[in-house]
């Protein structure tokens, strides 16, 4: 069932009555910045393919056509995640987050559904034309996304158990990672390298780090109906939880580096990145300001990008440039 168009006190008639292209531009700017998300997902995909090839000891990179099609698929898969979230969170958004694009009527659920169907059709056609065998992984991802959209049919239970809510939803990230890395090993018709298990684990934990990092706030920034880790656990426990997730990810990334054959330099770089990222956390525990809470969120994003570049993107670029 398509939900009706919404309006509330934050609605702007001029904005809501604008041409669809203008409204879509505003929507993506607020909810899925194509440039920012596109670059991040491109780095994510590039690193996954690169890490797979490095682990296999294969020279060079996949061809441009394969990578471009893969990038389109991975970026639009994350866009589908955003669309599914709009439907899944519709009730809470309408009640507690009225300023968001959908509750204020900028874009309708019918339009979101149409965009989702169009994107899915394009994904299937492109993959079917260029590399049909990738559709197997694609179907698994879409199947999991559909289950997420229905909250695995245990929505009330998940809402009461935030740990299981987050851990279950984050599996979508390594699933998309499997697709991205499959542009190498699956299309080559070989077994996935063992090290990819740790790379996928790093991707999963990066999602956890990002999720916790963006939900650490000062008391004055907490709001009704918006679940944050600082409101659930208190500031100190939330910070330590975030740091603990970083530590787990660090050890997983060290294991991934080992399987890729990286030397001590990689371990030193990972250690330096870890040291830089935890600084805002300890500063925030001493001085609880909004600026420092945002720095934790930025550190989470920096950590994620740095992990991918260190494990896959950076070494591949080095090989392509100097070998």
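Values in this text are rule-based calculations from the coordinates and carry no lab data. Quick caveat, the model's predicted, so the values are computed rather than measured. Virtual Cβ from ideal backbone geometry, glycine too; neighbours counted across all protein chains shown.
When the helices of the chain are scored as -39500 (n - 2.57) per DSSP H run of n ≥ 4 and the total is divided over every residue, the value at 222 nm lands at -23500 deg cm²/dmol.
Each of residue 222 and residue 139 was given a label point 7 Å from its Cα along the Cα-to-Cβ line. The distance between the two points is 4.7 nm.
A straight line joining the Cα centroids of the range 266-283 and the range 194-244 runs 17 Å.
Looking at the calculated P(r) for the range 163-314, what percent of the C-alpha pair distances fall above 18 Å?
When every Cα pair of the range 163-314 is considered, 59 percent fall beyond 18 Å.
First measure r as the distance between the Cβ atoms of residue 34 and residue 191, then evaluate 1/(1 + (r/R0)^6) with R0 = 35 Å and state the FRET efficiency to the nearest 0.05. The pair residue 34/residue 191 has a calculated efficiency of 0.50. Ranked by the mean number of other Cβ atoms within 10 Å of their residues, highest first, the peptides 91-99, 7-15, 44-52 fall in the order 44-52, 91-99, 7-15. Taking label positions 7 Å along the Cα-Cβ direction at both residue 301 and residue 163, the computed distance is 3.0 nm, reported to one decimal. Shape verdict for the range 117-211, please, from the Cα gyration tensor: rounded (a/c under 1.5), prolate (a/b greater than b/c) or oblate. Judged from the Cα gyration tensor, the range 117-211 comes out oblate (a/c at least 1.5, b/c at or above a/b).
Here, the chain has an Rg and a Dmax of 20.5, 60 Å when only alpha carbons are counted.
Equivalent ellipsoid of the range 1-142: semi-axes from √(5λ) of the C-alpha gyration tensor, largest first, are 35, 15, 13 Å.
Taking other C-beta atoms within 10 Å as the exposure proxy, 84, 152 rank 152, 84 from fewest upward. Most tightly packed first, judged by the mean number of other beta-carbon atoms within 10 Å of their residues, the peptides 26-38, 196-208, 241-253 read 196-208, 241-253, 26-38.
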